[in-house]
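Trainee: Would you mind keeping the following structure in view while I ask a few things?
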Amino acid sequence: MSNTHASGTTEPARFRELLPSPGRTDVDLAQAYAYPADLARPWVRANMVTSVDGGAVGPSGRSRDLSSEPDRRVMGVLRGLCDVVVVGASTARHEGYKPVRPREVWSRLREGRPATPRIAVVSRSLDIDEELLTQAPEDARTIVFTVGDSPRARRSRVAEHADLVVVDEGSVRPEHILDALSERGLFRVLTEGGPHLLAEFVAAGLLDELCLTVSPHLLGAGSPRIVAEAPTTGPAEAHGSENTPVRPAHVLEAGGNLFTRYLRD
Ligand SMILES: NC(=O)c1ccc[n+]([C@@H]2O[C@H](COP(=O)([O-])OP(=O)(O)OC[C@H]3O[C@@H](n4cnc5c(N)ncnc54)[C@H](OP(=O)(O)O)[C@@H]3O)[C@@H](O)[C@H]2O)c1
């Protein structure tokens, strides 16, 4: 939703604050989403979008069915603020991830840092887009996390261009990811999912913050949630339903979308 003027020009939707200061319309997104200052460890923020009825994937098989101009603006600010975007390989494939392109509006946000955040992909199969490996700038090389038994030939190809981190276990755990990012001084972490990877961060108790856009759509029962685990057959308690309290840091509205930011209590 955007405002169309009598002249026919379209003005971008304005953000208004609902919480904590209802009615504010001069919202500075970079300030509203600033990472804590002086981080001494990685701070993990997730950015996800959901339909009003809890769906994470639209009829196209992508989340972009739920996105909008204001949602893309928030996503842009979050990418501008972070050091690294961590993503599951399935999301990278479905959503066509490429190296992040620099934006002029980020010059202030990224002062003293590379012009773009790095992309970090988590993958067992190492089925990763060639451009994502080969086209990233030298100071923002793509990082790839994989397991010891990933396909050997693909591993050498990835290592030629990207920063390859091989974990000698059957699964890359969130702790492995954060240790490696910490070693590289990448503390402002943004994960863009998908639902399987996000569930792993939640289960490990390592998600500090969730930025969740509630998009004005109903997707019905066929759409997965923003967190997904391997299929199980038992009731919720049998597969470890968790309860981690979070508190709202802000709620903004633009174009009918709600932009919520929750911090772990
Ligand atoms: N609504 C939203 O905000 C949102 C956000 C992101 C994505 N999505 C949607 O979600 C869907 C994709 O999400 P998804 O949950 O299926 O997948 P995902 O979490 O993006 O990626 C899963 C893949 O990541 C790799 N992986 C995850 N955990 C791993 C581990 N512990 N060790 C090694 N590799 C690991 C594996 O890659 P390999 O297969 O390469 O082995 C696995 O198949 C897409 O439809 C996308 O559009 C929605």
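The values are calculated or read from the model by the stated rules, or taken from the named source; none is laboratory data. These numbers were taken from a predicted model, which means no experiment stands behind them. In this analysis, Cβ positions are derived from the backbone assuming ideal geometry, glycine residues included, and neighbour counts consider all displayed protein chains. SASA here: full protein model, heavy atoms, side chains in, ligands and nucleic acids out. Shrake-Rupley method; radii C 1.70, N 1.55, O 1.52, S 1.80 Å.
Trainee: When only residues in segment 36-76 that are open to solvent by 70 Å² or more (accessible area, probe 1.4 Å), within 28 Å of Glu175 (Cα to Cα) and more than 8 Å from the ligand (Cβ to nearest atom) count, which is nearest to the chain's Cα centre (by Cα)?
Mentor: Arg41
Trainee: Say whether the condition of being over 25 Å from Glu175 (Cβ atoms), within 16 Å of the ligand (Cβ to nearest atom) and open to solvent by 20 Å² or more (accessible area, probe 1.4 Å) is met by at least one residue in segment 97-104.
Mentor: The answer is yes; a qualifying residue exists.
Trainee: I need the full set of residues from segment 187-202 which are out of contact with any Cys (no Cβ under 6 Å at 6 or more places or on another chain) and open to solvent by less than 20 Å² (accessible area, probe 1.4 Å), in order please.
Mentor: Those that are out of contact with any Cys (no Cβ under 6 Å at 6 or more places or on another chain) and open to solvent by less than 20 Å² (accessible area, probe 1.4 Å): Val189, Thr191, Glu192, Gly193, Gly194, Leu197, Leu198, Ala199, Phe201.
Trainee: Still on this structure, I have one more. Quick check, is Phe201 within 11 Å of the ligand (Cβ to nearest atom), at pLDDT 95 or above and not in a helix (DSSP H, G or I)?
Mentor: no
Trainee: Can Arg79 be described as open to solvent by 80 Å² or more (accessible area, probe 1.4 Å) and at pLDDT 95 or above?
Mentor: Answer is no for this residue.
Trainee: Return a yes/no flag: does segment 53-68 have any residue that is farther than 30 Å from Arg184 by Cα, without any contact (Cβ under 8 Å) to a residue 60 or more places away in the chain and of a type in the set (Val, Ile, Thr).
Mentor: no
Trainee: Next up: I want to confirm something. Restricting to segment 147-179 and keeping residues that are touching a helix residue (DSSP H, G or I) at 6+ places or on another chain (Cβ under 9 Å) and among the basic types (Lys, Arg), which single residue is nearest to the ligand (Cβ to nearest atom)?
Mentor: Arg173
Trainee: Turning to a different aspect of this structure: Within segment 112-165, take every residue that is of a type in the set (S, T, N, Q) and either under 20 Å from the mean Cα position of the chain (by Cα) or open to solvent by less than 30 Å² (accessible area, probe 1.4 Å) (or both) and give me the one that is farthest from Val85 (Cα to Cα).
Mentor: Ser150
Trainee: Here's another thing I want to ask about it. Answer yes or no as to whether Gly205 is under 19 Å from the mean Cα position of the chain (by Cα) and surrounded by fewer than 19 Cβ atoms within 10 Å (Cβ to Cβ).
Mentor: Yes; evaluated as a whole, the condition is true for this residue.
Trainee: Then there's this: Mind checking which helices (runs of 4 or more DSSP H) fall wholly inside segment 26-119 and carry at least 1 residues that are more than 26 Å from His196 (Cβ to Cβ)?
Mentor: 29-32, 69-81
Trainee: Can you pull out the residues in segment 19-50 that are in contact (Cβ under 8 Å) with a residue 12 or more places away in the chain and either basic (Lys, Arg) or in contact with a Ser or Thr (Cβ under 6 Å, 6 or more places away or on another chain) (or both)?
Mentor: Result: Arg41, Pro42, Arg45, Ala46, Val49.
Trainee: Kindly evaluate Arg93 against the criterion of being at pLDDT 95 or above, away from the ligand (no atom under 12 Å from the Cβ), over 30 Å from Gln31 (Cβ atoms) and open to solvent by 50 Å² or more (accessible area, probe 1.4 Å).
Mentor: It is false that Arg93 is at pLDDT 95 or above, away from the ligand (no atom under 12 Å from the Cβ), over 30 Å from Gln31 (Cβ atoms) and open to solvent by 50 Å² or more (accessible area, probe 1.4 Å).
Trainee: Here's a check for you: in segment 107-135, which residue that is small (Gly, Ala, Ser) and touching a strand residue (DSSP E or B) at 6+ places or on another chain (Cβ under 7 Å) is farthest from the ligand (Cβ to nearest atom)?
Mentor: Only one residue tops the list, namely Ala120.
Trainee: Moving on. Write out, first by first residue and then by second, each pair whose Cβ atoms fall under 8 Å of each other, whose residues are 6+ apart or on separate chains, and whose first residue, in segment 187-206, is farther than 17 Å from Gly96 by Cα while the second is open to solvent by 50 Å² or more (accessible area, probe 1.4 Å) and at pLDDT 95 or above.
Mentor: Phe187/Ala40; Phe187/Arg41; His196/Ser90; Glu200/Arg173; Ala204/Arg173; Ala204/Glu175; Leu206/Glu175
Trainee: What number of residues in segment 204-232 are within 13 Å of the ligand (Cβ to nearest atom), closer than 27 Å to Thr116 by Cβ and not aliphatic (A, V, I, L, M)?
Mentor: Of the residues in that region, 3 qualify.
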